[in-house]
Amino acid sequence: MCGRKARCCLSSEPSSSQRTFQKELIQDATQRLFFLQVKEAILSDDIYCPPETAVLLASYAVQAKFADYNKEVHTTGYLNGEQLLPQRVLDQHKLNKEQWEERIQVWH
């Protein structure tokens with residue numbers, strides 16, 4: 001039991017807010033790892049993803065990484081270093097990088 005003047009008490013049992021924080025941290029970490037595993041499986045074609053869905057999911061990944069689209073900040077080529085679509089999709093549609101970027105930006 002803690003004294004009246006103590007502001008913080010150490011206990012072997014985590015408080016309710018500590019348990020909530022730990023649960024949220026685990027959930028966030030788990031969600032991030034799950035996202036990365038699914039993204040990798042789609043990019044490697046271990047999981048089939050239709051082209052339209054692949055573009056939509058790519059836009060979600062861009063939104064998560066770059067936040068809201070801003071044409072002054074997100075200038076042409078801002079996605080050049082990103083692997084966002086399976087090679088199969090890129091090969092099927094024969095669009096250049098700028099055209100793919102435009103399609104992803106529609107949803108970003």
Report summary line: In nm, the gap between the two label points placed 7 Å beyond Cα toward Cβ at F66 and H93 is 1.5 nm
Query raised in the report: Want the number for I47 to T76: 0.36 nm per residue separation, take away the alpha-carbon distance, what's left?
Result: 7.5 nm
Query - Residues of segment 16-107: accessible area per residue with a 1.4 Å probe, Å² - result: 73 Å²
Report summary line: Measure of exposure for T76: accessible area at 1.4 Å probe, Å² rounded to 10, is 110 Å²
Report summary line: With every protein chain kept in place and a 1.4 Å probe, the residues F34, F66 fall, from largest accessible area down, as F34, F66
Report summary line: The correct pair for segment 16-107, radius of gyration to one decimal and Dmax as a whole number, both in Å and from Cα atoms, is 15.8, 54
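Whenever you get a sec, line up I47, I26 from highest to lowest accessible area (probe 1.4 Å, protein heavy atoms).
Details: I47 75, I26 110 Å².
Putting I47, I26 in descending order of accessible area: I26, I47.
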Query raised in the report: From the backbone phi of segment 49-66, what are the Karplus-calculated ³J(HN,Hα) couplings (6.51 cos²θ - 1.76 cosθ + 1.60, θ = phi - 60°) in whole Hz, Gly and Pro given as x?
Result: 9, x, x, 4, 5, 4, 5, 4, 5, 4, 5, 5, 5, 5, 4, 5, 7, 10
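Filter the trypsin sites (Lys or Arg not before Pro) in segment 33-86 to those in DSSP coil with at most 15 other Cβ atoms within 10 Å of their Cβ, and list the result.
Filter output for segment 33-86: K71.
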Query raised in the report: Tell me which lysines have Cα within less than 30 Å of K23's Cα, excluding those fewer than 8 residues away on the same chain?
Result: K5, K39, K65
**Report entry** Q27-Q83 FRET efficiency (beta carbon distance; Förster radius 25 Å; 0.05 resolution)
**Finding:** 0.45
Report summary line: Reported to the nearest 10 Å², H93 has, with a 1.4 Å probe, an accessible area equal to 80 Å²
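The values are calculated or read from the model by the stated rules, or taken from the named source; none is laboratory data. As the structure is a prediction and not an experimental result, all values here were calculated from the model. Cβ coordinates were reconstructed from backbone atoms using ideal geometry, including for glycine residues, and neighbour counts include every protein chain displayed. Note: areas computed on protein heavy atoms with side chains; ligands, DNA, RNA excluded. Shrake-Rupley method; radii C 1.70, N 1.55, O 1.52, S 1.80 Å.
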